[in-house]
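Engineer: First the structure, then my questions, so here it is.
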Amino acid sequence: MILMNTPTVTETVPVVTGIDGVMWIADTRVTLDTLIHAFQDGATAEEIAQQYPVVPLADIYALIGYCLHRRTEIEAYLDQRRQVAERVRQENEAHFNPAGIRARLLARCADGTA
């Protein structure tokens, strides 16, 4: 039996974290959340690359692997992002009541002010 010494390959995962804690695909405006949700919705790496051509296919595979190896951390990150989104939604609704918005917009269209 011959054992071969295989070199260890270390690759950098192309993700950066902004000052607000949001994780982005390096050198793009695509968030890690976007890529994860597309994958969780059943999109293949190739389909994700077609949807987001600024992200190289190799990076998508690397990011999917990264996320699969760190499921607990990624789920915690996604949960935090959901909480922030919910808080922002509630704050917006507190300042801008969505009740009756359709009727108000239709009235504006009828008046020609929209």
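The values are calculated or read from the model by the stated rules, or taken from the named source; none is laboratory data. As the structure is a prediction and not an experimental result, all values here were calculated from the model. Glycine gets a Cβ as well: all are built from the backbone with ideal geometry, and neighbour counts include every protein chain shown.
Engineer: If you scan the range 53-71, which residues turn out to be in a loop (DSSP other than H, G, I, E, B) and closer than 23 Å to A85 by Cα?
Structural biologist: Answer for the range 53-71, where residues must be in a loop (DSSP other than H, G, I, E, B) and closer than 23 Å to A85 by Cα: just R70.
Engineer: Follow-up. State the number of residues belonging to the range 39-70 that are among the charged types (D, E, K, R) and either under 20 Å from T10 (Cα atoms) or touching an Asp or Glu at 6+ places or on another chain (Cβ under 7 Å) (or both).
Structural biologist: 2
Engineer: Output the number of the condition that A76 fails; it satisfies all remaining conditions of (1) in a helix (DSSP H, G or I); (2) modelled with pLDDT of 95 or more; (3) of a type in the set (G, A, S); (4) surrounded by 12 or more Cβ atoms within 10 Å (Cβ to Cβ).
Structural biologist: If we test A76 against (1) in a helix (DSSP H, G or I); (2) modelled with pLDDT of 95 or more; (3) of a type in the set (G, A, S); (4) surrounded by 12 or more Cβ atoms within 10 Å (Cβ to Cβ), just (4) comes out false.
Engineer: In the range 4-16, how many residues are out of contact with any helix residue (DSSP H, G or I) (no Cβ under 9 Å at 6 or more places or on another chain) and closer than 20 Å to R82 by Cα?
Structural biologist: 1
Engineer: Let me ask something else. Can you tell me which residues in the range 15-52 are surrounded by 10 or more Cβ atoms within 10 Å (Cβ to Cβ), assigned to a loop (DSSP other than H, G, I, E, B) and out of contact with any Pro (no Cβ under 8 Å at 6 or more places or on another chain)?
Structural biologist: If the condition is that a residue be surrounded by 10 or more Cβ atoms within 10 Å (Cβ to Cβ), assigned to a loop (DSSP other than H, G, I, E, B) and out of contact with any Pro (no Cβ under 8 Å at 6 or more places or on another chain), then G21, V22, T28, V30, A43, T44, Y52 are the ones that fit.
Engineer: Right, here's the next one. Take A85 and decide whether it is of a type in the set (G, A, S), modelled with pLDDT of 95 or more, surrounded by 11 or more Cβ atoms within 10 Å (Cβ to Cβ) and out of contact with any strand residue (DSSP E or B) (no Cβ under 8 Å at 6 or more places or on another chain).
Structural biologist: Answer is no for this residue.
Engineer: Something else now. Which of the residues belonging to the range 88-114 are charged (D, E, K, R) and either modelled with pLDDT of 95 or more or surrounded by 10 or more Cβ atoms within 10 Å (Cβ to Cβ) (or both)?
Structural biologist: R89, E91, E93, R104, R108
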